[in-house]
Amino acid sequence: MAMIEEGLKQVFPREWCIPRHLREAMEYSLFSGGKRLRPLLTLAAAEALDESPQVAEAALAVGCAIEMIHTYSLIHDDLPAMDDDDFRRGRPTNHRVFGEAMAILAGDALLTHAFYVLARIVHLGVPADVALAVVEDVAAMAGPDGMVGGQASDIRHEDEIRSAEDLEVVHTRKTAKLIVCSIRSGGRLGGASAEQLERLSRFGEAIGLAFQIRDDILDADGTRPGYPGFVGIEAAQAKVSELTESGKRALLEAGLPRPQRLLEIADFLVNRSF
């Protein structure tokens with residue numbers, strides 16, 4: 001975690017002149033805590049294949065970029081036009097502190113800067129074709145067919161989510177896709193084969209959906225019909241366990257030299273209480 005926090009502190013070039021209010025708004029949300037799950041997964045997936053410092057450095061950069069994309073999505077999700085939330089992680093949301101206009105700009109800046117960081121991994125020794133594949137994965141899974149599409153369905157909740165199966169589709173797009181690209185990116189940097197990437201994707205989709213259903217369980221308060229609202233707490237937890245075990249089987253089928261950290265993260269997702 002310390003490595004990730006330090007990496008995030010280094011993502012903005014010192015010579016850049018970022019307007020003070022914009023920088024403060026970006027950093028307010030970027031450094032507001034959180035599990036740092038996505039960069040952890042990128043680092044763990046890369047390490048599972050290649051333990052070299054060069055690969056770890058590139059994986060850290062990619063993981064930090066994906067964390068910025070995740071943070072931008074949270075800032076925008078909290079806006080009055082979206083989920084209209086006043087608090088996140090025990091603190092006022094970005095727009096409550098800096099205003100809606102600056103919150104929108106902070107999210108925009110984090111998203112665009114993430115792709116600046118991704119584009120520069122070629123300077124860390126990543127082959128151009130691998131770097132391009134990473135950028136393509138991240139763009140596809142963060143966009144209209146992934147995270148943004150999931151949010152679009154989520155804000156049309158009453159029209160588009162009428163069953164647990166409908167909610168699984170939304171959760172897969174809104175949450176799991178970015179987790180998949182975190183893992184695939186680490187795999188690509190570590191030199192994964194096409195077959196290994198396919199297994200890593202299955203692992204990521206399974207634990208990504210499990211992660212979001214577990215969030216629904218922890219947040220079950222009757223205000224929104226999350227997954228437990230459709231099937232009950234017990235069945236929802238059983239689904240988390242089923243997905244996690246399925247994902248772990250897919251991971252073990254990949255034949256990675258060092259899958260242990262990824263397996264540990266999967267187990268954490270099942271048992272966490274926050």
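Computed from the coordinates by the stated procedures, all read-outs in this text should not be read as laboratory data. These numbers come from a predicted model, not from an experiment. Heads up, the Cβs are rebuilt from the backbone with ideal geometry, glycines too, and the neighbour counts pull from every protein chain shown.
Assorted remarks:
- Helical contribution to [θ] at 222 nm, DSSP H n ≥ 4, -39,500 (n - 2.57), averaged over the chain, rounded to 500: -22500 deg cm²/dmol
- The ranking of SER182, SER193 by Cβ neighbour count inside 10 Å, starting from the fewest, reads SER193, SER182.
- Centroid-to-centroid separation of segment 29-55 and segment 151-179 [C-alpha atoms, Å]: 26
- Reachable lysines, given that their alpha-carbon falls under 23 Å from the alpha-carbon of LYS239 and they are not under 8 places away in the same chain: LYS35, LYS174, LYS177, LYS248
- Full extension of the chain segment joining LEU218 with ARG89 gains 45.1 nm, where the gain is 0.36 nm per residue of separation less the Cα-Cα distance.
- Relative to the current alpha-carbon distance between PHE115 and GLU264, full extension at 0.36 nm per residue lengthens the span by 50.7 nm.
- Available extension along the chain between ASP145 and GLU195 is 15.7 nm, counting 0.36 nm per residue and deducting the alpha carbon span.
- Build a GNM of the chain with springs between Cα atoms under 10 Å apart, and of LEU251, LEU262, LEU22 the one that fluctuates most is LEU22.
- When only the Cβ of Lys, Arg, Asp and Glu is charged (+1, +1, -1, -1), the dipole of segment 2-271 relative to its Cα centre reaches about 640 debye.
- Taking segment 88-118 and a reference point 7 angstrom along Cα→Cβ of ILE155, the backbone N atoms nearer than 13 Å belong to 104.
- Normalised by residue number, the volume inside the convex hull of the Cα atoms of the chain is 119 Å³ per residue.
- Backbone HN-Hα couplings from phi across segment 198-207 [Karplus 6.51/-1.76/1.60, Hz, Gly and Pro as x]: 5, 5, 4, 5, 5, 4, x, 5, 5, 6
- Placing pseudo-labels 7 Å out from each Cα toward the beta carbon at ARG96 and GLU165 gives an inter-label distance of 3.8 nm.
- Furthest towards positive pole of dipole, ILE18, ALA236, ALA176, structure part segment 2-271, Cβ charges: ILE18
- Exposed loop sites here mean trypsin sites (Lys or Arg not before Pro) with a DSSP loop assignment and at most 15 other beta-carbon atoms within 10 Å; the chain contains its longest site-free run at 163-271.
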